[in-house]
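Student: Take a look at the following structure, please.
Read-outs throughout are calculated quantities, based only on the coordinates presented, and are distinct from any laboratory measurement. No experiment lies behind these values; they were computed from the predicted model shown. Every residue, glycine as well, gets a Cβ built from its backbone with ideal geometry; the counts of neighbours run over all protein chains shown.
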Amino acid sequence: ARAAALAERAAARGGCLGDAAACGQLGGRQGRLYDKVLVDAECTHDGSIKHLAKFAQWGWDTFERRARRRRLRIRGPLPRRREEPPPLAVRRRFLDPERLASLPLLQGRLLRAGFRLLRPGGALVYCTCSFARAQNEDVVSAFLGDEPAARLVEVECLADAPATPGSLPLTLRFDPRRSRTSALFVAKLERVS
């Protein structure tokens, strides 16, 4: 209900709140470009204190079963653990090597889709809650190499935040020990033409 209300408010202001595919179709169909785009990319959540606490509290198997139920929107008590593991398609692990290898590709596609919706002079913020350079600086760096109309700019509103510079200039990293938050990577890109 809250997401629906936010989507309605965004639409009333000429914006789009949803996944990159839905917003991309809207922008492509109506020729609408936006001043600001946020790409909160799918990631491993390895920097999320909330997710790490769940790993520790529930154990890995229970966390995966709960996460799978949430993805499938299943309500009610957890079923008893089955003796045989669920089918491979269902037990797609958060830290599965295949998923880890495919995440930067997905993140790059999300970044490109978001950037296509940006008007000249507009700003895009790319963020994850991962410590992994492959999901952060490497994705942004590869995108910048492929997109001549993009450039990194300073995240002015976070100038005084308890963050450290990322390994890519003008990017920021929030470390739980320093910032007292979950880990977070932030990059701000601008469309120059």
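Student: How are the Cα pair distances of the stretch 106-185 distributed, in percent, across 5 Å bins from 0?
Tutor: Binned Cα distances yield the sequence 3, 14, 27, 24, 18, 10, 3, 0.
Student: When Lys and Arg each count +1 and Asp and Glu each count -1, what net charge do the other residues less than 14 Å away from residue 171, Cβ to Cβ, add up to?
Tutor: -2
Student: Please sort by residue number the GluC sites (Glu not before Pro) in the stretch 143-193 whose DSSP state is loop and whose Cβ has at most 14 other Cβ atoms within 10 Å.
Tutor: When the GluC sites (Glu not before Pro) of the stretch 143-193 are filtered for loop state and at most 14 Cβ neighbours within 10 Å, 154 remain.
Student: From the backbone phi of the stretch 111-124, what are the Karplus-calculated ³J(HN,Hα) couplings (6.51 cos²θ - 1.76 cosθ + 1.60, θ = phi - 60°) in whole Hz, Gly and Pro given as x?
Tutor: Ordered by residue, 3J(HN,Hα) equals 5, 5, 5, x, 5, 4, 8, 8, 7, x, x, x, 10, 10 Hz.
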